[in-house]
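Report on one structure; see the data block that follows.
A short reminder: the numbers here are calculations on the coordinates, not readings from a lab. Keep in mind it's a predicted model, so treat the numbers as computed, not measured. Cβ placement follows ideal geometry from the backbone for every residue including glycine, while neighbour counts extend to all protein chains displayed.
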Amino acid sequence: MVVAVGVARASLASAAPTVQTDLSEVRACHPLDGGDFLVGTGGGLVRFNARGAVRAVWTAVDGLPGTRIDGISAVGDALWIGTEAGAAVVTLDGTKLAVTRTAETKSVREVVAFDGALYAATWEGGVRKLGARGSTELRWKGGNNPAARARVSSLAVADGALWAGTANGLYRLANGTFELTSIEAGANEVAALYGDGATLWIGTTAGLYTREGAQVRGYGGGDVRHLAKVDGAIVAATFGGGLVRIDRGRLIDVARAPKGLAMAQSITERGGAACAGGLEGLWLRAKADAPWVAAAPAAGPPTNDVSALAAAGDKLWVGTFDHGLASYEQGVWKKFEHAKLDRRINALLVDGAKLWVATAAGLTVIDGTNVRQLTKADGLPARGILSLAKLRDGRILVGTSAGAAIVGEGRPLHIGAKQNLEAKNVWAVAEDADGWIWLGTTTGLFRGKADDTAWTRYSVATGHLRDDWVMAIATRDRSIWVGTYKGGVTRFDPTDAGVTTTPLGDGWINPGGLRFLGDALFATTMEGVRIGDGTSATWQTLDRMPGKDTTAAARIGDTLFISTRRGLVSRPGYWTR
């Protein structure tokens, strides 16, 4: 195994990661003994106290199968946590969590016990019967969409039978096979089930229904995402209408319901304590007659889908896929919002006091309190900006969805059509030590000079690349490292006759996913962070990440930051002094 030059072996193995995630989306919740609440969010499993303060956050770094929590199921004495990458049985001791069992590899929405066995509702994997040595997928009968049928949202036991709610309708288990059971025309997507003796409550995107024997009754209610019994009444968490309950056959608002909870996805009551949440956050009720309390917003990135990083002194700029820009400095998060800054960020570049932001709707330059935006109307080839690099003369090289441009004084200088380049989406840009400009596109790699029409194209056809979709470029001295969408990394070295290339291994490189930090080359890929020395095809993979899909790397002092589709990871002390 090759360890990156300049990085101590001990720090690679022992640097303890800290994960920063957005906890605002509540997907599941469960009141605990003693007054605390266990809450599943898009950014991890969270333990809250009764006042709504965070006591602990656990992610895949802590041993859970995945970071996004899709369900919490209490089955007997076991607490099953369904995640985006499988389920786990956990035990809790204050702020400590231990995983005692795992099952499945797909998203698990619910686990129930029926007839002496355990069953798991998986999204895209059907219903699985869990056993000590693995699991078995149950058979299906009926329905014209097998893919939708495999998306199981919920399970429930009612009228002596096991029921499965799927994106293709309601199914009942009979003789080892789930058989399609009709509800009502238009009610084909079942999102929630609740068994209450002989009555099966059914939440669909078309409203709420009950089934008793062969009789089906509809109540309306819109898009129902979760069902529970609260204070003796059936309560539905609806997406758009908040919490509603059944009262003598009618749907009415829940008395003293949480204010501000419209996009509800979860509701649970246990021993009088209750919790409810959705896209707007979490509300808690300590006991039956207590008021609902809004949980305190937890500090974190605007979203867990982080797309770009840039270090500016002690400040880390964090760009997200569709939730804008934020900064992280000394443990404090601050959102940066401006009318001239689109929320869809592709790349960041720090240039002295300026921050250049590549977005889906133009190029934004932030200089203190001064913010300006450049778009196609200002001379850029397109409004979609994909990549950024600083040239040696101080100008900025910009990759767009319709070629590249150099931004300086006056109108931008276009690179593309003028040079007869088949370079549309320019995902990577760079300048090497000899002044050559490199453009990474969906049709290969191009090298040339801004004022020259003689450009060279390197591709699979020329034998230089394993994939023509170039996503990232890194430079050092006169060498170039090229990362592709599915063909890994290739090193380019100039010679008198042109270039020589050296493949450095396979991998799915993300946009802007190659960067030298110190003497180490970091490749942020869809399958984790790889660290190499830039000369060998042997890479080291960084362990303990909240998600495999990583997007960028940055360094502040001796701390390594990695952005992922599941939050931001920091490793203090990664570089030894």
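Annotations
- Helix content alone sets the calculated 222 nm mean residue ellipticity of the chain: runs of n ≥ 4 DSSP H residues at -39500 (n - 2.57) each, divided across all residues, give -500 deg cm²/dmol.
- Here the gap between residue 137 and residue 185, fully extended at 0.36 nm per residue and compared with their Cα-Cα distance, gives a gain of 14.5 nm.
- Alpha carbon centroid spacing (whole Å) that separates region 134-171 from region 492-518: 48
- Taking the centroid of alpha carbons for each part, region 260-324 and region 87-108 are 21 Å apart.
- Amide hydrogen proximity for residue 71: with H placed 1.01 Å from N in the peptide plane, the residues at 5 or more positions away or on another chain lying under 5 Å are 82.
- Estimated distance in nm for a label pair at residue 536 and residue 117, the labels positioned 7 Å out from Cα along Cα-to-Cβ: 5.0
- Using the Cβ-Cβ distance between residue 459 and residue 516 with R0 set to 25 Å, the FRET efficiency works out to roughly 0.50.
- Positive-pole candidate from 293, 166, 407, dipole of the chain, charges at beta carbon: 293
- For region 309-518, the number of Lys pairs with C-alpha atoms closer than 18 Å, counting only pairs eight or more positions apart or on separate chains, is 13.
- Between residue 199 and residue 344, the contour length at 0.36 nm per residue exceeds the Cα-Cα span by 47.6 nm.
- Rounded, prolate or oblate (a/c below 1.5 giving rounded, otherwise prolate when a/b exceeds b/c) for region 309-518 by Cα gyration tensor: prolate
- Debye, to nearest 20: dipole size of the chain, +1 on Lys, Arg Cβ, -1 on Asp, Glu Cβ: 340
- Qualifying trypsin sites (Lys or Arg not before Pro) in region 206-281, where qualification requires a DSSP coil assignment and no more than 16 other C-beta atoms within 10 Å, comprise 248, 256, 259.
- For region 175-182, 3J(HN,Hα) computed residue by residue from phi via the Karplus equation (6.51, -1.76, 1.60; θ = phi - 60°) reads 6, x, 10, 7, 10, 5, 10, 6 Hz, glycine and proline entered as x.
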